[in-house]
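Asks: Structure incoming, see below.
Just so it is clear, none of the values below were taken in a lab; they were calculated from the coordinates. Remember, predicted model here, so these are calculated numbers, not experimental data. Don't worry about glycine lacking a Cβ; one is built from the backbone with ideal geometry, like all the others, and counts go over all protein chains shown.
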Amino acid sequence: MGPGPDPAQVYLYISSPTHGIRRFEYAPATGLLTNRVDVIPSVRGNGIALRANDHGQTELYASESYVSHNAPSRILSRLRRFVDADGDGVFGSVGDVDAAIVQGMPAGFHTLNQIQILGDALFVGHGTRTLNGARQGVDGDLFGESAFGGALLMIEDLDEVATVEHAAGFPAYVPHPNDAQYQDLIEATATGAEAPFTSTASNKLRVHSAGVRNPFGVAFDQRGAVWFTVNFHRVNNTGFDRHVTGDDADPDAFDGPSNDDIHDQIFRAVAKGDYGYRNGNWQGQAATHTAGFFAGIGDPAWITPSRTFDNYDHGGVDTDSTDPAFNQFHDPAHPRGRGPHSAVTGLAFAPASFPGRYYDHAFVARWNGQFGIVDGLDYRDIVLVDAALGDVEQVASGFNAPIDLVDDGYGHLLVASYYGSIWRLTPNDALCCGSCSPRREGDDRRKLHIASLVPR
């Protein structure tokens, strides 16, 4: 939700990987979306966020992937900023400025994802460059993982970042590396390649915490704490599993029934926290250890566990192996945890306008259709997560491809579909305007109305 050219209107901004950034006029009373405008069609990615800077100007941030001009097979990530400098509510008009404030982040299989801003701080997740965080030949090289990979990233103070190219990046991460430069960045032979871990600069995009595979949705709870969702496992991988290495490795991803695989996860972010996933290049680096990262590699007790049951016992503070659901078949309609291969995506905490029973609860989208349905585990729904207890409950189902959620500020949650639809969720005991139908399954205490705003 953001401003636009007419102060009397409410606007919804959308980031699309096929159409770029678009804007609609949004009618809160009816949910009607009208007057679509292609705001920045050239920027296509997963993340979008808006804020007012210390000059009162509106800034739009977007994440996207691109390829190096000097090595076209190398996929990179960058973070873009657009400033409505003249205050007319239109990005790109005369006098406005924009820049890719971070560039040259080795991406590969996973790029920058969704963005959240609280005050002056920006948070965004960046997935592993490889499929599994280790050296592998699947993607044509054995370089391993980048410093930015498998981490929650942050810029501490956006007001200290100038709107110029690569202002929030590090010198080693050139915008268009050749093959040798790309490899040197990943293998830590380039001077300054460790900077995302070791820098304390408040105006740089640096690692907040690490040890995840593909962090996707990011949200703040009612107290301002940062939470994020993680897609845990996608490949047959004996190098990282319930047992990290050796003869005890249990390759449980797609090599047989996957109903007892490790679940996708949700974390309350902890500065320099270790969430337990590998980063083969950096977890053993002296510079990262000195900076305070990857403490759980030597001592599992330092690993920050998922807030929900994830069917994975790290051997430290995590005790999932004592749970009756450990290694048991997962039922998506009656979940214990987030489910294996559930491809969790968007995340949003309950709006303040929702009934009090939703306080301290997060809504999370699950959608695995893009990977194919495995062992009957079909997720196309929204689940409610009790942030305090970790309990999970399906509250809305039947979507085609839910990928993000946002509070509209008027008592509803909007759900974006990857295939172009937008839905609106409203608690049953709140006013529901427009064409609404009850959700399909679950506890009557948590029923939501679902309204289609933009039918596909």
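Asks: Could you size up the charge dipole of the chain around its Cα centre, putting +1 on the beta carbon of Lys and Arg and -1 on that of Asp and Glu, and report it in debye to the nearest 20?
Replies: Rounded to the nearest 20 debye, it is 820 debye.
Asks: Can you work out the Karplus-derived ³J(HN,Hα) for every residue in the range 402-410? Use 6.51 cos²θ - 1.76 cosθ + 1.60 with θ = phi - 60°, whole Hz, and x for glycine or proline.
Replies: Values per residue, Gly and Pro as x: x, 10, 7, 9, 8, 6, 7, x, 10 Hz.
Asks: Peptides 331-340, 304-313, 120-129, 163-172: what's the order by average Cβ count within 10 Å, highest mean first?
Replies: Answer by packing, highest mean first, reads 120-129, 304-313, 331-340, 163-172.
Asks: Starting at the first residue of the range 313-320, write each ³J(HN,Hα) from the Karplus equation 6.51 cos²θ - 1.76 cosθ + 1.60 with θ = phi - 60°, in whole Hz, x for Gly and Pro.
Replies: Listing the rounded values in order: 9, 6, x, x, 7, 7, 10, 4 Hz.
Asks: Distance from the Cα centre of the range 316-330 to that of the range 270-294, in angstrom?
Replies: So the separation of the two Cα centres works out to 25 Å.
Asks: Given an 8 Å cut-off on Cα distances and at least 6 residues of separation, report the relative contact order of the chain as a percent.
Replies: Result for the chain is 10 percent.
Asks: Can you divide the C-alpha Rg of the chain by 2.2 N^0.38 Å and report the result to two decimal places?
Replies: 0.95
Asks: Using Cα centres only, tell me the gap between the range 45-108 and the range 205-222 in whole Å.
Replies: 19 Å
Asks: May I ask for the distance between the Cα centers of the range 156-188 and the range 1-35, given as a whole number of Å?
Replies: About 32 Å separates the Cα centre of the range 156-188 from the one of the range 1-35.
Asks: Stretched out fully, how many nm does the piece from residue 38 to residue 18 gain, at 0.36 nm a residue minus the Cα gap?
Replies: 6.0 nm
Asks: What is the sum of charges, Lys and Arg at +1 and Asp and Glu at -1, for the other residues whose Cβ falls under 13 Å from the Cβ of residue 114?
Replies: -2
Asks: Report, in deg cm²/dmol and to the nearest 500, the calculated mean residue ellipticity at 222 nm for the chain, where each DSSP H run with n ≥ 4 adds -39500 (n - 2.57) and the sum is divided by the residue count.
Replies: -1000 deg cm²/dmol, from helical runs alone.
Asks: Shifting gears a bit: Tell me, what HN-Hα J-couplings in whole Hz come from the Karplus equation 6.51 cos²θ - 1.76 cosθ + 1.60 at θ = phi - 60° for each residue of the range 332-344, using x for Gly and Pro?
Replies: Once θ is set to phi - 60°, the couplings for the range 332-344 become x, 6, 10, x, 10, x, 8, x, x, 6, 7, 6, 5 Hz.
Asks: Let me ask something additional. Gain in length, residue 326 to residue 52, computed as 0.36 nm per residue apart minus the alpha-carbon separation, to one decimal in nm?
Replies: Residue separation times 0.36 nm, minus the Cα-Cα distance, leaves 94.0 nm.
Asks: Would you work out the charge dipole size for the range 35-111 about its Cα centre, treating the Cβ of every Lys and Arg as +1 and the Cβ of every Asp and Glu as -1, and quote it to the nearest 20 debye?
Replies: Roughly 480 debye, rounded to the nearest 20.
Asks: For the range 275-391, rounded, prolate or oblate, judged on the Cα gyration tensor with a ≥ b ≥ c (square roots of eigenvalues), a/c < 1.5 rounded, else prolate if a/b > b/c?
Replies: Judged from the Cα gyration tensor, the range 275-391 comes out prolate (a/c at least 1.5, a/b above b/c).
Asks: Compare the Cα positions of 384, 259, 29 along the charge dipole of the range 10-423 (+1 at Cβ of Lys, Arg; -1 at Cβ of Asp, Glu; about the Cα centre) and return the one farthest towards the positive end.
Replies: 29
Asks: Within 10 Å, count the other beta carbons around each residue, average over each peptide in 37-47, 209-219, and list them highest first.
Replies: Averaged packing, sorted descending, gives the order 209-219, 37-47.
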